[in-house]
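The values are calculated or read from the model by the stated rules, or taken from the named source; none is laboratory data. These numbers were taken from a predicted model, which means no experiment stands behind them. With ideal geometry, Cβ positions are generated from the backbone for all residues, glycine too; neighbour counts draw on all protein chains shown. We work out accessible area using only protein heavy atoms, side chains counted, and drop any ligands, DNA or RNA first. Shrake-Rupley method; radii C 1.70, N 1.55, O 1.52, S 1.80 Å.
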Amino acid sequence: MTDLLSMSIDELETFIVSLDEPKYRANQIYRHLMLGKTVDEMQNIPKLLKEKLKATAVVNTVKLGKRLVSSDGTKKFLFSLYDGQMIESVLMKYERGYTVCISTEAGCAMGCAFCASTLGGLARRLLPSEMLSQVIFAQNEAGEKLSGIVLMGIGEPLDNYNNVIKFLHLVGDEQGLNIGYRHISLSTCGLADKIYALAEEDLPITLSISLHAADDETRSALMPINKRYNIETLLTACRDYFNKTKRRISFEYTLASGKNDTEQNARKLCAVLKKYCPDMPLHVNLIPTNATGRGFSPSDKASVYRFAKTLNDSHITATVRRHLGGDIDASCGQLRAGSSTHKN
Ligand code: SAH
């Protein structure tokens, strides 16, 4: 069956023409799809065309399983996919508008020691339609155009490279949802080879790197991917990405008590960033670790403050991420891991 939501407008036109229908129908159908409509709900489409569509194609949308609303307004959705896999999205409200955090895979193969999403490994990669559908659902829920998208939910986006690139083209399409690439962030645990590929795509998104440690021994213990692409390889890829795209990279650093949060760790972080990325404006997002029952606990306020100060004193901008949705397990993977219906 043809996956309508994974198609660009050009591909949809070709498909509609192949059904012996006029090309302009593709535009009408595309508009309905971007509003989250099913084939039956497409009002200005003739019955015969609807029958043809239903016989040959699917609208592969996510289905809401659970909606949790935090006291701060953050909403978290647990969705099921066509094959029963479960994923999550989080809708956050900021002053500038709504941002949705979407999943790119069901489960994750990366094995980070502190992360709930990787428990049970990778079930499968998401289709472009399944990523787009999370955005459409969130936009309908928000009731207004989203101001941003972050690819920071379950999964490693660069491990699902082709589908993620296709999704980015779809979501940025001016005739479709038209979300500006500058308002889209992609977060990776550090697949250096794919960072080089991404630099060639000419997509002015913001790249975030989950660094979380500044020496290879600590990072390899937290993030197995570091054994394949160590800090030098990763930060060299970041430097080359910046030189090619001129797009600033932001670094994520989760502060886990007693694991990576000493002043010495902070000084080492300053040193490696300046060594490998000397020409890049440096920005580090500090995130106190969410306890996910894996033996990690958040650093205390004093350690977070000391860490941020060491970076700022060294002229590296450090911000401490505002914690949204703490009362609804809003960090990625927690809801899926706790759901009795998830399959791997
Ligand atoms: N795989 C991608 C994107 C998904 S995770 C990546 O690794 O970047 C989004 C962010 O949440 C990453 O920075 C990840 O390291 C972080 N994260 C995962 N579990 C966490 C936890 N328990 N506490 C704080 N941050 C966590």
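Taken over the range 14-38, the criterion of being open to solvent by 40 Å² or more (accessible area, probe 1.4 Å) and farther than 11 Å from L53 by Cβ is satisfied by T14, V17, S18, D20, P22, K23, Y24, N27, R31, L35, K37. Elements of the type helices (runs of 4 or more DSSP H) sitting completely within the range 1-63 and holding at least 3 residues that are touching a Phe, Trp or Tyr at 6+ places or on another chain (Cβ under 9 Å) and in the same structural domain as D83 (by TED's automatic domain parsing): there are none.
Meeting the requirement of 2 or more residues that are within 16 Å of the ligand (Cβ to nearest atom) and under 20 Å from the mean Cα position of the chain (by Cα), the helices (runs of 4 or more DSSP H) wholly within the range 180-282 are 192-199, 231-245. Taking first residues from the range 268-279 that are touching a residue at least 12 places away in the same chain (Cβ under 8 Å) and in the same structural domain as D216 (by TED's automatic domain parsing) and partners that are in a helix (DSSP H, G or I) and open to solvent by 40 Å² or more (accessible area, probe 1.4 Å), the Cβ contacts under 7 Å between residues at least 6 apart in sequence or on separate chains come to Y276/E232; Y276/R239; C277/R239.
Among the residues of the range 66-86, the one identified as open to solvent by 30 Å² or more (accessible area, probe 1.4 Å), within 27 Å of I29 (Cβ to Cβ) and assigned to a strand (DSSP E or B) is S80. Among the residues of the range 283-304, just one is among the charged types (D, E, K, R) and within 10 Å of the ligand (Cβ to nearest atom), namely R294.
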